[in-house]
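Asker: Sending over a structure as C-alpha cells; questions will come in a sec.
The values are calculated or read from the model by the stated rules, or taken from the named source; none is laboratory data. Computed from a predicted model, the values in this text were never measured in an experiment. All Cβ positions, even for glycine, are placed from backbone atoms using ideal geometry, and neighbour counts span all protein chains on display.
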Amino acid sequence: MAASVSASSRVASRRHMGSVDAGAAMEKIRAAGLLRTRGLIGGKWVDAYDGKTIEVQNPATGEVLANVACMGNRETADAITSANTTFYTWSKLTASERSKALRKWHDLLMSHKEELALLMTLEQGKPMKEALGEVNYGASFIEFFAEEAKRVYGDIIPPTLADRRLLVLKQPIGVVGAITPWNFPLAMITRKVGPALACGCTVVVKPSEFTPLTALAAADLALQAGIPAGALNVVMGNAPEIGDELMQSTQVRKITFTGSTAVGKKLMAGSANTVKKVSLELGGNAPCIVFDDADIDVAVKGSLAAKFRNSGQTCVCANRILVQEGIYEKFASAFVKAVQSLQVGNGLEESTSQGPLINEAAVQKVEKFVGDATSKGANIMLGGKRHSLGMSFYEPTVVGNVSNDMLLFSEEVFGPVAPLIPFKTEEEAIHLANDTNAGLAAYMFTKNIARSWRVSEALEYGLVGVNEGLISTEVAPFGGVKQSGLGREGSKYGMDDYLEIKYVCMGNLG
Ligand code: NAP
C-alpha cells in the first residue's frame, strides 16, 4: 500500500521537486552575479525612469523569478543616444580589436554555460538539455562572427577611364535596433548582435518581456568581455513604445526582428518613414514530407526532432507532416510510439524532454487548433488535451487525417501537436507544401537522390532538411522566403545586413 501514490500527490511532489531545484538554481545564478533585473544603457544598469517593473515567471510553476525594469520610449531614446555616441569609437577600432572582444564574450558565455542554461529553463521552460544546447548554439554565433569580423573585404573595379580608380568599401550601417522573441532567449540575440558588433555597428536590444533574464545575463558577460559601454544596450518592457522609438529615430539605421509575422509587418511599415534597412525572421509553417521510399526509422527520428523541440515552439518546427499513402499506416504507428516516449515535466528535472508552453494563451491556441481539426473530421491518435501536471503543460499529441481546410494546416500551431496529412503523389506533396504564405523551413524524407534534388528545388522555402530534422548551424544561412521574412542570419551572408556598400571614384590621377 505504501508504494501506491495518488496521481495528485505525484504531481504535487514533482512540482515541489521542481520548485526546490528552482531555488537552488536561482542561488547559483545569483552567486555568479548573473541575475540582472535592470536595463543596460550606456554601460550602466538602470531602473525604469518611472520605477515600473514587470514580473518574470517560471512557466512550469507560475513562481515569480524576478521583477525587471519595465521601460518605454524615454529609456529607449537614451539607449539610442548612447549607441550612437559609441558607434563613432567602436566602428573605428580595427577588426582585430573588435574580434578579440567578441572572442572573449564567447569564452565567458561558454564558461557560464550552466548558469545561463538554468536561467533559460527557469524563464522559458525548455528542458535543461535543450537549454545547454542553446548556450552552445548561441555562443557559436559570437565565435563565428568574431572570426568573420576580419573578412569584411571591399573591391577594386577595373576603371572605365585610365586616370581613375574605382573602389568599393564596406562600412558598418550604424545603430541597430534588435527585437527578439522568447523561444530562443539567447541565440536569437547573439545571431543579431554577433554580426552587428563584428561589423562595427552598435546595438539596442529589446528581448521579450517573458525572457529578459537570459538577455541581461548575456549583456553582463559582454561588458565583462570588454565590449565597451554603449555598444550593447538592453531595454525591455512596453514593446510598442520601445518599437516606435526605434522605428522613428533617424539615428537607428536598421531594425532586425525575430518574432511573429504580424509584428514583423508592423515594424516593416513603421520603418518606411525613415527608410531603414529591415531584416525579419518571422513565423513558419514547415512541411515535413515523408515519401513511400523513406527509411522509416530515419523519418520517425527526424520528424520527432523537427516537431517536438522546445515543445513545438520553434519557427522551424515541422508544422505539417505530409505522409505518402503507401507508408502512412506504418509511419503513423511508429511515430505515435516514439511520441509516447516523450517525458513531460519541469525542465529542471533530468528526465524531462517536453517542458510547458510559454503561457496560458499558447495552450488556448493549441486547444483551438485541435478542436477545429476534430470538428472537421481529423482523429486524435495520441494526447489531445492539457497534461495532468496543470499550468501550461500540454500532452504531446498526434492528429491523423488532417486536411488543408483545418487551422493545423494553414497556421503555425506553436505547440506539441503533430498533424499527419496523407498524400498520393510527389506533385501533390509539393503543391500542399507550398500552399501557404510562409516559407521558412521544410523537411523531406526519401532514399531517392533524384527526388531529393527535385523536391528541394521545388520547395518555396529558405531552408530544406533532407533526411534530417535538426539543420540550424551558425555556419549556414538561416532565413525565410514569402512572408517568413527578409534577409539571412548566420554564415558569411549574415554580415551583409549590417554593412553599407560605398563606391569611391578617384579621378584625375594623371
Ligand atoms: P512576437 O509576439 O512577435 O514577439 C517578438 C518580439 O516582438 C518580442 O520581443 C515582443 O515583445 C516584441 N513586440 C511585440 N509587439 C511589438 C510591437 N508592437 N513593437 C515592437 N516590438 C513588439 O513573437 P513571439 O510570440 O515572441 O515569438 C513567436 C514567433 O516568432 C513565432 O511566430 C515564431 O515562428 C517566430 N520566430 C521566428 C524565428 C525565425 O528565425 N524566423 C525564430 C524564432 C521565432 P514582448 O514579448 O515584450 O511583448
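Asker: Would you mind finding the one in 243, 226, 259 that is more than 8 Å from the ligand (Cβ to nearest atom), assigned by the TED database to the domain that holds residue 37 and surrounded by fewer than 24 Cβ atoms within 10 Å (Cβ to Cβ)?
Answerer: 226
Asker: So is residue 240 in a helix (DSSP H, G or I) and of a type outside the set (D, E, K, R) or not?
Answerer: Yes, satisfied.
Asker: Taking residue 488 as meeting all but one of (1) within 12 Å of the ligand (Cβ to nearest atom); (2) basic (Lys, Arg); (3) more than 23 Å from residue 138 (Cα to Cα), write down the number of the exception.
Answerer: Going through the list (1) within 12 Å of the ligand (Cβ to nearest atom); (2) basic (Lys, Arg); (3) more than 23 Å from residue 138 (Cα to Cα), residue 488 breaks only (3).
Asker: Consider segment 284-299. How many of its residues are in contact with a strand residue (DSSP E or B) (Cβ under 9 Å, 6 or more places away or on another chain) and either assigned to a helix (DSSP H, G or I) or within 16 Å of the ligand (Cβ to nearest atom) (or both)?
Answerer: 8
Asker: So if I check each of 402, 370, which one is in the same structural domain as residue 417 (by the TED database) and not in a helix (DSSP H, G or I)?
Answerer: Selected residue: 402, the only one of 402, 370 that is in the same structural domain as residue 417 (by the TED database) and not in a helix (DSSP H, G or I).
Asker: Being more than 9 Å from the ligand (Cβ to nearest atom), assigned to a strand (DSSP E or B) and out of contact with any Phe, Trp or Tyr (no Cβ under 8 Å at 6 or more places or on another chain) is the filter here, so list the residues in segment 178-214 that pass it.
Answerer: Matches in segment 178-214: 203, 204, 205.
Asker: Hey, another quick one. Give me a count of the residues in segment 123-179 that are free of Cβ contacts under 8 Å to residues at least 60 places away in the same chain and within 28 Å of residue 305 (Cβ to Cβ).
Answerer: Summing the residues that are free of Cβ contacts under 8 Å to residues at least 60 places away in the same chain and within 28 Å of residue 305 (Cβ to Cβ) in segment 123-179 gives 7.
Asker: Kindly evaluate residue 126 against the criterion of being assigned to a loop (DSSP other than H, G, I, E, B) and within 16 Å of the ligand (Cβ to nearest atom).
Answerer: yes
Asker: Here's a follow-up. I need the full set of residues from segment 387-415 which are of a type outside the set (A, V, I, L, M, F, W, C), out of contact with any Asp or Glu (no Cβ under 7 Å at 6 or more places or on another chain) and more than 15 Å from residue 307 (Cβ to Cβ), in order please.
Answerer: 388, 390, 401, 403, 405, 410, 411
Asker: If you don't mind, there's one more thing I want to ask. Looking only at segment 262-283, how many residues end up being surrounded by fewer than 19 Cβ atoms within 10 Å (Cβ to Cβ), assigned to a loop (DSSP other than H, G, I, E, B) and within 11 Å of the ligand (Cβ to nearest atom)?
Answerer: Counting residues in segment 262-283 that are surrounded by fewer than 19 Cβ atoms within 10 Å (Cβ to Cβ), assigned to a loop (DSSP other than H, G, I, E, B) and within 11 Å of the ligand (Cβ to nearest atom) gives 0.
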